[in-house]
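The values are calculated or read from the model by the stated rules, or taken from the named source; none is laboratory data. Since the structure is predicted, the reported quantities are computational estimates derived from the model, not experimental observations. Glycine also receives a Cβ, built like all others from the backbone with ideal geometry; neighbour counts cover every protein chain displayed.
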Amino acid sequence: MIISQAILKEKNECEIIEMTIFDFNPWWKTLSVPKHYKGKTRDILKTLISYLDYRQIILIFGLRRAGKTTIMYQLIDYLLEKHNAFQIMYFSFDEQQFDPEELLNIYQTEILKKSLQTDQTIFLFFDEIQKLKDWANKIKLIYDRYPNIKIIVSGSSNLLLQSSIKESLAGRFFEFSIDPLNFDEYIRFKGISIDKEREALYESEIKIQIQSYLKTGGFIEAITFDEVVMKKYFKESLLERVIYKDIPETFKINSPHLLFKLLNIITSNPGLYLDYKLIGNDLKIDQRTISNYFNYLENSLLLKKLYNYSKNQLTSEKKLKRMYVNNTAFIYALSSDNTSLDVILENYFVCMFTANFFYRSPQKKEVDIILNKKLPIPVEIKFRNKIRHQDLKNTIAFMNKFKVNKGIIISKDHDEIINIDNLRLYILPYWKYWSILSITGASGE
């Protein structure tokens, strides 16, 4: 009886796996990816396609709802033009955590109808891989055992991917961050046409779209939402899901509510200087716990930390740091509507530039953003109609100290190039998106 029950249980599990795999891979029947899976093409797709011919694993990570699964479907759609549909398998671990070997056994027997060790390339797409226990070692076994298998995996949390792969998958992967839409993609997804070389002609339209973009954060699903639905969407479908489900599933934490409280502190005060002891005293919680919880939020891609710029990395590590929100939509979702646009724009440019540094001198002269190029570029956000000479002092001081000749001031409407001795300062309105990208050498992604 016991043996019969065990056999029956194993049979039922195999049937469940079969049905799940079949549901996840409709192209095995139709030879195409359903249209509603594919969405619109992202800029990063071309880059990912260029890595499909390499042996290494493609590792995709990013925030929830940023479009990782859609990117996977777009890659599958591309592959279907060149390969047999049965050579491509997709599985998501978001709700079910079957062992990859069991999945491959079913796939090999029921779909491929031949050994996995074939001379054909097989493409395995594993979505939300961080939900699978010990995933890095399990993926490594497949990678090492089957040289003909190309593996593409995605995950929502940066920390889970980063911390698990360094040893197990060393030299075996290329990683790519999938972010929400940048502003260029955003207006394209909305069907808005702007001549990027003649921004001044479209000033009013760009200003309207930037303010809309800041609220949606570039999340595709949010483009059509009104503000009430949008706030509910970000709070419940994204932020609460990460804080009350994703992080506790991974770390043994006692208080998810503390995570939410710390997130609220930063959404109310973007750019806050991090003093763990002071915050701990205010909340009556040990500063080490505060530090750890901020790390969980940062490594789950909800917050972004900036370091005080120094040529010496160790010096930057020791100095006081600043914390921003990783997407402006979170500010609108959690904070009051009274948050000033200049504060939100500062946070936006920190994210847009994927900045890692600010600058604060011992005399407390501050520069909002330092772009760590071959030569550092100081960027100040001064949301004013007219930039005065005294507004340039901190930027000039930084340029002289670090011997650089280019600085950027982002204004409300002031547009001018100022030359002082051998220094050149570009004053640009915040809405001149493409001009800012061009002068800073940023990609906008």
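In segment 147-183, which residues are modelled with pLDDT of 95 or more and in a helix (DSSP H, G or I)?
F183 - this is the single residue of segment 147-183 that is modelled with pLDDT of 95 or more and in a helix (DSSP H, G or I).
Within the bounds of segment 61-70, is there any residue that is under 19 Å from the mean Cα position of the chain (by Cα), in the same structural domain as K138 (by TED's automatic domain parsing) and assigned to a strand (DSSP E or B)?
Within segment 61-70 (the criterion being under 19 Å from the mean Cα position of the chain (by Cα), in the same structural domain as K138 (by TED's automatic domain parsing) and assigned to a strand (DSSP E or B)), the answer is yes, since at least one residue qualifies.
Select from segment 102-144 the residues that are part of a helix (DSSP H, G or I), in contact (Cβ under 8 Å) with a residue 12 or more places away in the chain and either outside the structural domain of I21 (by TED's automatic domain parsing) or closer than 21 Å to K29 by Cβ (or both) and list them in ascending order.
Residues satisfying the conditions are L103, L104, I106, Y107, E110, I111, L112.
Taking Q97 as meeting all but one of (1) at pLDDT below 95; (2) closer than 25 Å to L238 by Cα; (3) surrounded by 15 or more Cβ atoms within 10 Å (Cβ to Cβ); (4) touching a Leu at 6+ places or on another chain (Cβ under 9 Å), write down the number of the exception.
The one condition Q97 does not meet is (3).
Kindly provide the set of residues from segment 34-50 that are charged (D, E, K, R) and within 16 Å of L80 (Cβ to Cβ), ordered by number.
K35, K38 - these are the residues of segment 34-50 that are charged (D, E, K, R) and within 16 Å of L80 (Cβ to Cβ).
Can you tell which of V367, V325, V379 is under 18 Å from the mean Cα position of the chain (by Cα), surrounded by 20 or more Cβ atoms within 10 Å (Cβ to Cβ) and of a type in the set (V, I, T)?
V325
Scan segment 31-39 and tell me whether some residue there is surrounded by 15 or more Cβ atoms within 10 Å (Cβ to Cβ), more than 16 Å from the chain's Cα centre (by Cα) and under 25 Å from R172 (Cα atoms).
No, that holds for no residue.
Give just the number: which of (1) surrounded by 14 or more Cβ atoms within 10 Å (Cβ to Cβ); (2) within 28 Å of L132 (Cα to Cα) does S255 not satisfy?
That leaves (1) as the condition not met.
Could you say whether any residue in segment 304-311 is more than 30 Å from N254 (Cβ to Cβ) and either loosely packed, with under 14 Cβ neighbours inside 10 Å or more than 26 Å from the chain's Cα centre (by Cα) (or both)? Talk me through it step by step, then tell me what you get.
Going through segment 304-311, the residues more than 30 Å from N254 (Cβ to Cβ) turn out to be 308-311.
From what is left, the residues that are either loosely packed, with under 14 Cβ neighbours inside 10 Å or more than 26 Å from the chain's Cα centre (by Cα) (or both) are 311.
Looking through segment 304-311, at least one residue is more than 30 Å from N254 (Cβ to Cβ) and either loosely packed, with under 14 Cβ neighbours inside 10 Å or more than 26 Å from the chain's Cα centre (by Cα) (or both).
Among (1) surrounded by fewer than 14 Cβ atoms within 10 Å (Cβ to Cβ); (2) touching an Asp or Glu at 6+ places or on another chain (Cβ under 9 Å); (3) under 30 Å from S316 (Cα atoms), which single condition is D282 missing?
(2)
Restricting the search to segment 227-264, which residues are more than 21 Å from the chain's Cα centre (by Cα) and part of a helix (DSSP H, G or I)?
E227, V228, V229, P256, H257, L258, K261
In segment 328-350, what residues are surrounded by fewer than 21 Cβ atoms within 10 Å (Cβ to Cβ) and out of contact with any strand residue (DSSP E or B) (no Cβ under 7 Å at 6 or more places or on another chain)?
Correct list: L334, S335, S336, D337, N338, T339, S340, L341, V343, I344.
Kindly check whether there is at least one residue in segment 194-201 that is touching a Leu at 6+ places or on another chain (Cβ under 6 Å) and surrounded by 14 or more Cβ atoms within 10 Å (Cβ to Cβ).
Taking segment 194-201 and keeping what is touching a Leu at 6+ places or on another chain (Cβ under 6 Å), we get none.
Scanning segment 194-201 turns up no residue that is touching a Leu at 6+ places or on another chain (Cβ under 6 Å) and surrounded by 14 or more Cβ atoms within 10 Å (Cβ to Cβ).
Test of understanding: among Y332, Y324, which residue is part of a strand (DSSP E or B), within 28 Å of E298 (Cβ to Cβ) and touching a residue at least 40 places away in the same chain (Cβ under 8 Å)?
Y324 is the lone residue from the list that is part of a strand (DSSP E or B), within 28 Å of E298 (Cβ to Cβ) and touching a residue at least 40 places away in the same chain (Cβ under 8 Å).
In segment 54-107, what residues are of a type in the set (S, T, N, Q) and within 27 Å of N327 (Cβ to Cβ)?
Hits for segment 54-107 are T69, T70, Q74, S92.
Determine, yes or no, whether G191 is closer than 22 Å to K46 by Cβ and buried (at least 21 other Cβ atoms within 10 Å of the Cβ).
Spelling it out, it is not the case that G191 is closer than 22 Å to K46 by Cβ and buried (at least 21 other Cβ atoms within 10 Å of the Cβ).
L423 passes all but one of (1) buried (at least 19 other Cβ atoms within 10 Å of the Cβ); (2) touching a helix residue (DSSP H, G or I) at 6+ places or on another chain (Cβ under 6 Å); which number fails?
(1)
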